[in-house]
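See structure below.
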Amino acid sequence: MQRGQFSSRWAFVLAASGSAVGLGNIWGFPTNAAENGGAAFLLVYLLLAFLLAYPALMAELIIGRHAQANMVTALEGLSARPLARRVGRATGLVGVVTASAILCFYSIIAGWMIAYLFQPLALGAGQPGAAAWLVEFSLSRNLLFTGLFMALTGAVIAAGVEGGIEKWSRRLMPALFVLLLILIAYVLTRPGAEAGLRHYLIPDFSQINDPQLLIAALGQAFFSMSLGVGTMLIYGSYISRDENLPKLGVLVTLTDTSVAFLAGLLVLPAMFVAKEIGVEIYADGNNLIAGPDLIFQVLPALFTQMGDAGLWVAASFFLLMSIAALTSSISMLEVPVALVTERFGVGRHRATAVTLLVLFGFAATIAANFDLLFGWVVNLSTETAQPLLGMMLCLYAGWLFNRDQLLAEIKQGNPAAEQGLFWRVWPFYVRLVCPLLIALMLADQWLG
């Protein structure tokens, strides 16, 4: 079965950046920065994005392009030793399951975004009953919009690499940037925005040595780029042999960190604009409200206070969030679909449909038992499985990938790689530094 391929460097960069840019960037990064020293956090985050996340990203891209296969086949084929092959196969399967689990809970949250997108439209159309239903937590609403979001994701994946992933990344990522910039420009003109900017951009260097700041920045840098679950490995397998992989990795890292920074310019000023009109923005007197409470309580309260203009600002904001969710979910679904198409010889349309039906069943189970399962699935997949998988991918790239084959893969599209800084530094980083930093992050999480 012929594999797809990105048609150009920028097609890959937009797709990979779309995978990296998700809901966590837009609501997680700004509040992480605000709670951990403002610009001090930004500096540490940017440093770690290139010292940790970039090397881990390169491990996935190099393995993916070398193997030209799904995650299971790629890791299984890196070594001829039976034990290493079995561990690689198991690691790949855990990666596919983890990506699928993330997609299940992510689709529920993304469904909320779509529901909140329709709410101001319903109000504008004079349908207060429908508007109220759209923002009330209920199983019927959750199932409907989770299914709708999964169907949108499946429609993109079913169309293939060029006709689906690349085509929609080219459309959605520019739209995301335009919406983000428009919303930033609008929010910065509102009373209170200046206080949010000061909170975000003026550094508090007294926190620079705080272990919590370092761990928060490390986690944000690692998780914001969709590392560990094979999404970048799969996208790497669709890259042309002529492309310079280290350069591509830099472009993706720069794009992801730029969106995270811009998200801070939107969300932090917006929170202080909300404070200016009487909305409570602190969870316990000191820490800013973050996560779902920020998105579904603080900001909607701000939009409501804006009158008629608030309806359109709200619709624009939740459209932005829906686009960010979709660009990430596309890469998540591609992980299991690639496995089904390549290991079992199933056509892409059928593989997508079957995979989505199974995953919707799991998502519906989570939605029906929300209090019991949602937090558990989130924590198990993102806080435990994802960093462990990231560590395994670094170890495979650093210790099991034959050094000559590794160099040969990097030299494709970059013939002078052996004399460059990347080859002098990256193998050491991916062998020792990345696994050690991830292990320290996990140890702090488990023992803290």
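Readers should treat all values here as calculations from the given coordinates under stated rules, not as data from a laboratory. Keep in mind that this is a model prediction, so the values were computed, not measured. FYI the Cβ positions are ideal-geometry reconstructions off the backbone, even for glycines, and counts take in every protein chain you see.
Values for this structure:
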quantity	calculated
Gain in span if fully extended, GLN305 to VAL378, counting 0.36 nm per residue against the direct Cα distance	23.0 nm
Crossing angle, helix 308-344 versus the chain [Cα axis fit, 0-90 degrees, rounded to tens]	20
Order by protection proxy (mean Cβ within 10 Å, highest first), peptides 40-49, 201-210, 347-356, 228-237	228-237, 40-49, 347-356, 201-210
Qualifying trypsin sites (Lys or Arg not before Pro) for the range 1-80 [loop in DSSP, other Cβ within 10 Å: at most 16]	ARG3
Spin-label pair HIS349/SER240, simplified geometry with 7 Å Cα→Cβ offset, distance in nm	2.9
Nearest 10 degrees, 0 to 90: helix 54-67 Cα axis against the chain principal axis	50
Value of relative contact order over the range 9-447, rounded to a whole percent, pairs C-alpha under 8 Å and six or more apart	34
Tensor-based shape of the range 290-389 (alpha-carbon gyration tensor, a/c under 1.5 rounded, otherwise prolate or oblate)	prolate
The chain: angle of helix 245-276 to the longest principal axis, Cα-based, in degrees nearest 10	10
Two-site label geometry, TYR282 and ALA175: point separation in nm, points 7 Å out along Cα→Cβ	4.0
Cys with no candidate disulfide partner in the chain (beta-carbon separation under 4.7 Å rule)	CYS104
Theoretical FRET efficiency, 1/(1+(r/R0)^6), r = Cβ-Cβ of ALA185 and GLN297, R0 30 Å, to 0.05	0.80
